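The values are calculated or read from the model by the stated rules, or taken from the named source; none is laboratory data. Since we're looking at a predicted model, the values are computed, not measured. Glycine also receives a Cβ, built like all others from the backbone with ideal geometry; neighbour counts cover every protein chain displayed.
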Amino acid sequence: MIRIIGSYVSPYVRKVLACLNVKGLAYEIDPITSFFANDDFTRLSPLRRIPVLIDGDVTLCDSSVIAAYIDEAYPGPALMPSDPAGRARARWLEEYADTRLGDLFIWGLFYQKCVHHLVWGEPGDQARIEKTLTDDLPDALHYLETELPEAGFLFGEIGIADISLATFFRNGVYAGFEADPDRWPKTAAYVERVLAHPAFAHLLPFEDVQRSVEIRRRREALLEAGAPLTAQTHGTREPRRGIMRL
Ligand SMILES: N[C@@H](CCC(=O)N[C@@H](CS)C(=O)NCC(=O)O)C(=O)O
């Protein structure tokens, strides 16, 4: 059984779970955030980041590495296009999403508005939020508007590029941001389409529990909602700072 370590509300975890769902693969999940993870988690994830995948003897970090492994190791619908140019473009859009959209949606908005004060009891960086909303996110959305299709997905069926891009917009909503359909009509419609796909829609009830139930009751509430939780957790009660940025 494949095991995933990482919270349902992390965009990078959601990306991996959507890939597993597209492939029709069963998994178990330990839905923790990296700030509340124990020492053994550091052994599995040297950068102390989520997601982590464990599949028998294989332990992997980084959503892109994990998604590529899932695609190559298992049958089912391909996550990557088949031609070299399409594959290269899909990889670029995945990288753009992970790096740039990650920086804007997660570190510029979601972390500042939703996570920072919950974990550390300190206010988020208001100037950073404003710059993200006024300058940086509009620039990114102008770019996406030139890249995204009017209808359907980027390369036929839903794939890694669609999944990698759309996942960040759900955290955008959690932080109070949605792409304005008057300014970015293609992007707004595309994101709605991708997030409505069953691979994402199936995860929403678990995200709702993860966001609304206090940490002490969360595992129990997720089990009640039908989440396929692992028997063991790498979670702890005391938060600790990340080793990369925080
Ligand atoms: N490039 C990584 C990024 C993963 C990442 O930044 N995850 C966040 C959660 S959304 C995390 O664990 N942050 C903790 C930290 O950076 O200390 C991936 O694609 O998996």
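Quick notes on this structure:
- Check on V52, of a type in the set (V, I, T) and either within 8 Å of the ligand (Cβ to nearest atom) or out of contact with any Leu (no Cβ under 6 Å at 6 or more places or on another chain) (or both): no
- Scanning region 68-78 for residues that are part of a helix (DSSP H, G or I) and either within 9 Å of the ligand (Cβ to nearest atom) or out of contact with any helix residue (DSSP H, G or I) (no Cβ under 6 Å at 6 or more places or on another chain) (or both) gives A68, Y69, D71, E72, A73.
- Within region 15-35, restricting attention to residues that are farther than 25 Å from A161 by Cβ and away from the ligand (no atom under 11 Å from the Cβ), the residue that is surrounded by the most Cβ atoms within 10 Å (Cβ to Cβ) is P31.
- Residue match in region 56-63 (condition: more than 23 Å from L144 (Cα to Cα), more than 16 Å from the ligand (Cβ to nearest atom), surrounded by fewer than 19 Cβ atoms within 10 Å (Cβ to Cβ) and in contact (Cβ under 8 Å) with a residue 40 or more places away in the chain): no
- Only a single item in (1) touching a residue at least 60 places away in the same chain (Cβ under 8 Å); (2) crowded, with 17+ Cβ neighbours inside 10 Å is not met by S45, and it is number (1).
- In the set (1) near the ligand (Cβ under 9 Å from one of its atoms); (2) part of a helix (DSSP H, G or I), A127 fails one condition alone, (1).
- Subset of region 29-46 that is over 17 Å from the mean Cα position of the chain (by Cα) and of a type in the set (A, V, I, L, M) - its residue that is nearest to R237 (Cα to Cα): A37
- Evaluated against (1) touching a residue at least 60 places away in the same chain (Cβ under 8 Å); (2) within 24 Å of I50 (Cβ to Cβ); (3) not assigned by TED's automatic domain parsing to the domain that holds V16, T132 falls short on exactly one condition, (1).
- Which numbered condition D40 misses (of (1) without any contact (Cβ under 8 Å) to a residue 40 or more places away in the chain; (2) away from the ligand (no atom under 15 Å from the Cβ); (3) in a helix (DSSP H, G or I)): (1)
- Taking each residue of region 87-101 that is farther than 14 Å from A166 by Cα and looking for partners that are within 15 Å of the ligand (Cβ to nearest atom) with beta-carbon atoms closer than 9 Å, six or more apart or interchain, yields R89/A161; R91/S64; R91/I160; R91/A161; W92/A161.
- Residue in region 141-157 that is in contact (Cβ under 8 Å) with a residue 24 or more places away in the chain, in contact with a Leu (Cβ under 6 Å, 6 or more places away or on another chain), buried (at least 16 other Cβ atoms within 10 Å of the Cβ) and in the same structural domain as E94 (by TED's automatic domain parsing) present: no
- Wholly enclosed helices (runs of 4 or more DSSP H) of region 174-246 bearing at least 3 residues within 16 Å of the ligand (Cβ to nearest atom): 204-212
- When every residue of region 88-108 is checked against the conditions, at least one turns out to be at pLDDT 95 or above, surrounded by fewer than 16 Cβ atoms within 10 Å (Cβ to Cβ) and farther than 30 Å from I129 by Cβ.
- Residue within region 12-33 that is assigned to a strand (DSSP E or B), touching a helix residue (DSSP H, G or I) at 6+ places or on another chain (Cβ under 6 Å) and without any contact (Cβ under 8 Å) to a residue 60 or more places away in the chain present: no
- Region 148-173, residues that are part of a helix (DSSP H, G or I) and either touching a strand residue (DSSP E or B) at 6+ places or on another chain (Cβ under 6 Å) or more than 21 Å from R14 (Cβ to Cβ) (or both): D162
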